[in-house]
Ligand SMILES: [Zn+2]
């Protein structure tokens, strides 16, 4: 058979298949270099995570290890390599108990999918949200439940860039119940009373300063307004950290 005809015959799977019972290999594995086949197997989907955090697993985790895990989870979010989870299986696995490792206090903003941002799944974290991520009695009670009662070992206060609540506080917005809500952010604005620049949302530098200060003040206020959490923090059983999420990158800048 001339070389051209031979190549055509191979392509058609005819060579050596003239006899009865000849099994042709699947087309996608024929004559494929070994390196390509290895590459192909590396592309196979990872097994789905079907389990949830157990009490025993959480007992082995220190607050520092949990914080490190949150940092690593955010790196995976930024790089687009989130853990693949079987949420239906996790729902079934978490019926009847929960052992979250951390509690978040985040802004309300729809562009911050908390669990995804830190690559966490069902049963991993408590999440309290309020526009401007400040604490009040209800939030403090929730965080005390999350830590003292339910055993979470990290509290993370999460602000974010381009926050509408911080902008509204800077611009003195008044509307319904939004007015008293924004008063919770004003201490962070007042912190920069000596600031010489423009104190409005138009000033991105000032907006960033107040956003970070608001996170720091919330972290501090959680301690000072909750003797229960302060005691846990002093004993090293709970760690309070902060962060600011930036939407252009998905990255969290941690404040410790
Ligand atoms: Zn916000």
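Laboratory data are not the source of any read-out in this text; all were calculated from the coordinates shown. Just so it is clear, the model here is predicted, and its values are computed rather than measured. Quick reminder, even Gly has a Cβ in these numbers, built from the backbone with ideal geometry, and neighbours come from all protein chains shown.
May I ask you to sort 221, 109 by Cβ crowding, counting other Cβ atoms within 10 Å and putting the fewest first?
The fewest-first ordering by Cβ neighbours comes to 221, 109.
Which peptide among 62-71, 123-132 comes first, and what is the full order, when sorted by highest mean count of other Cβ atoms within 10 Å?
Packing order, densest peptide first, comes out as 123-132, 62-71.
For segment 55-255, just the Cα atoms, rotate onto the principal axes and tell me the three extents in Å, largest first.
Cα spread of segment 55-255 along its principal axes, largest to smallest: 53, 39, 31 Å.
Order of 253, 87, 160 from fewest to most other C-beta atoms within 10 Å?
Lowest to highest Cβ neighbour count: 87, 253, 160.
Need one number: nm distance between label points at residue 54 and residue 253, each 7 Å from Cα along Cα→Cβ, rounded to one decimal.
Placing both labels 7 Å along Cα→Cβ, they lie 4.1 nm apart.
Which order results if 143, 48 are arranged by neighbouring Cβ count within 10 Å, fewest first?
48, 143
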